[in-house]
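See structure below.
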Amino acid sequence: MRRRRIGRSALVVSEIALGTMTFGSSCDEAEAMRIMDRAVDAGIDLFDTAEIYPVPPEAHWVHRTEEIVGKWLAGRRRDEVMIATKVCGSASGWFVPPVRDGRTALDRHQIRRAIDGSLRRLRTDYVDLYQTHWPDHDFPFDETLEALDELVRSGKVRVIGSSNETAWGAMKAQAVAESLGTVRYESIQNNFSLINRRFEDSLAEVCRREQISLLPYSPIGGGVLTGKYQDGSWPDGARFSNYLKHGGERQKAMATRFVNERSLATTAELLELARELGLSPAAMAVAWSRQHDFVASTILGANDLVQLEESLLAIDVDLPADAMKRIDEITRRHPYPLG
């Protein structure tokens, strides 16, 4: 497993990270333990979680993922892996998180409460990477960055990052951090895949010029790029099937955003290319993600060991230049599949 540095920080991590957002919901504790064991055996040393996990975010199981990761971590050497977690952003109306009675924010009070809760559930006295889960552009960056700087100085956090951020937000945060002399965001965790290349429009340049690393999530498009939605059905147990059949309005909108005519047309051509290359679609998608200079570690999610093993096939895959060119041609024919 090759490794890369996150931003300008001291964190040098495996090119593939383990996402845990289904641990405690669609993936039970026993399977989650097996997945984490296998991930370490494969050379993965960065685990990503969040205070709001598992998904879909619901009050009856919120925090469960951190508890499962903490239980696993208690039986290992702490320095064996690096733990990344997140503090919820503002309860701004588009979504009210089921934590702290829905009064989340990125102020000093909420950040302190969030990190203490995460450390308790994770059974550790520090996290390696602490990320703001989504931004609050109406709240001053000053207080957020000063509060995060205090956590780093206290030893509770080593490095900070953002998630679901915009190009404006990323640059604004860097400018404020430089002005205040606080720690800065060394990473950004955004959606990036063969059916969602929006990151390349402007954020990729921000990452390159500011030495910020992308930790892309959903590299296989929430499962769309495996081809399981291609026949027009919504397979039982699949993430977007559950969202469409049982989710709220936000989950239903997400399902149809990911599974639509454009995304399926893109996937159909990519599936053919994967067959020509002798690769599984998941392995090709993960390998493509890894082969970007602004990416430090691509986050893989898995509901079971079978899914993890399929994605792990990408560890030693380097797509040739002609395959990368073919991919560019395919995605240009179907621009912005996620709308």
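The values are calculated or read from the model by the stated rules, or taken from the named source; none is laboratory data. Everything quoted here is computed from the prediction, not taken from an experiment. Counting neighbours? That spans all protein chains shown, and the Cβs are built from the backbone with ideal geometry, glycine included.
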Taking the stretch 148-168, which residues are assigned to a helix (DSSP H, G or I) and under 23 Å from the mean Cα position of the chain (by Cα)? 148, 149, 151, 152, 167, 168
Residue 242 out of contact with any Lys or Arg (no Cβ under 6 Å at 6 or more places or on another chain) and within 22 Å of residue 84 (Cβ to Cβ): no
Of the residues 80, 31, 66, only one is among the acidic types (Asp, Glu), out of contact with any Cys (no Cβ under 6 Å at 6 or more places or on another chain) and crowded, with 23+ Cβ neighbours inside 10 Å; which? 66
Would a scan of the stretch 216-233 turn up a residue that is outside any helix (DSSP H, G or I), surrounded by fewer than 21 Cβ atoms within 10 Å (Cβ to Cβ), touching a Leu at 6+ places or on another chain (Cβ under 7 Å) and among the aromatic types (Phe, Trp, Tyr)? no
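Among the candidates 275, 290, 250, single out the residue that is surrounded by fewer than 18 Cβ atoms within 10 Å (Cβ to Cβ), basic (Lys, Arg) and within 23 Å of the chain's Cα centre (by Cα).
Selected residue: 250, the only one of 275, 290, 250 that is surrounded by fewer than 18 Cβ atoms within 10 Å (Cβ to Cβ), basic (Lys, Arg) and within 23 Å of the chain's Cα centre (by Cα).
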Surrounded by fewer than 23 Cβ atoms within 10 Å (Cβ to Cβ), under 13 Å from residue 215 (Cβ atoms), touching a residue at least 24 places away in the same chain (Cβ under 8 Å) and not basic (Lys, Arg), is that true of residue 15? yes
Residues that are more than 26 Å from residue 27 (Cα to Cα) and touching a Leu at 6+ places or on another chain (Cβ under 7 Å), drawn from the stretch 189-215: 199, 207
Within the stretch 293-335, residues at pLDDT below 95, among the charged types (D, E, K, R) and crowded, with 18+ Cβ neighbours inside 10 Å come out as 310
Scan of the stretch 100-133 for residues that are outside any helix (DSSP H, G or I), surrounded by 15 or more Cβ atoms within 10 Å (Cβ to Cβ) and either touching a Lys or Arg at 6+ places or on another chain (Cβ under 9 Å) or aliphatic (A, V, I, L, M) (or both), ordered by number: 105, 106, 123, 124, 126, 127, 128, 129, 130, 131, 132, 133
Do we find that residue 218 is modelled with pLDDT of 95 or more, small (Gly, Ala, Ser) and under 15 Å from the mean Cα position of the chain (by Cα) in this structure? yes
Exactly one of these conditions fails for residue 270: (1) surrounded by fewer than 16 Cβ atoms within 10 Å (Cβ to Cβ); (2) under 21 Å from residue 197 (Cα atoms). Give me its number. (1)
Within the group 77, 64, which residue is without any contact (Cβ under 8 Å) to a residue 12 or more places away in the chain and under 20 Å from residue 17 (Cα atoms)? 77
What is the one condition in (1) under 21 Å from residue 292 (Cβ atoms); (2) surrounded by 13 or more Cβ atoms within 10 Å (Cβ to Cβ) that residue 201 does not satisfy? (2)
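Tell me, yes or no, whether the stretch 209-231 has at least one residue that is under 30 Å from residue 9 (Cα atoms) and free of Cβ contacts under 8 Å to residues at least 24 places away in the same chain.
yes
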Scan the stretch 134-147 for residues that are in contact (Cβ under 8 Å) with a residue 40 or more places away in the chain and either in a helix (DSSP H, G or I) or more than 19 Å from the chain's Cα centre (by Cα) (or both) and jot them down. 138, 139, 147
If we keep just the residues of the stretch 176-190 that are part of a helix (DSSP H, G or I) and in contact (Cβ under 8 Å) with a residue 12 or more places away in the chain, which is surrounded by the fewest Cβ atoms within 10 Å (Cβ to Cβ)? 180
Take the conditions part of a helix (DSSP H, G or I) and surrounded by 22 or more Cβ atoms within 10 Å (Cβ to Cβ) and apply them to residue 282. Does it pass? yes
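Could you tell me which of the residues 280, 311, 289, 263 is touching a His at 6+ places or on another chain (Cβ under 9 Å) and not hydrophobic (A, V, I, L, M, F, W, C)?
Details: 280 fails: touching a His at 6+ places or on another chain (Cβ under 9 Å); 311 fails: touching a His at 6+ places or on another chain (Cβ under 9 Å); 289 fails: touching a His at 6+ places or on another chain (Cβ under 9 Å).
When all the criteria are applied, what remains is 263.
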Cβ-Cβ under 7 Å, sequence separation 6+ or interchain: first residue in the stretch 45-61 and touching a residue at least 12 places away in the same chain (Cβ under 8 Å) and of a type outside the set (Asp, Glu), partner buried (at least 24 other Cβ atoms within 10 Å of the Cβ) and part of a loop (DSSP other than H, G, I, E, B). Which pairs? 46/297; 47/20; 49/20; 52/88; 53/20; 61/54
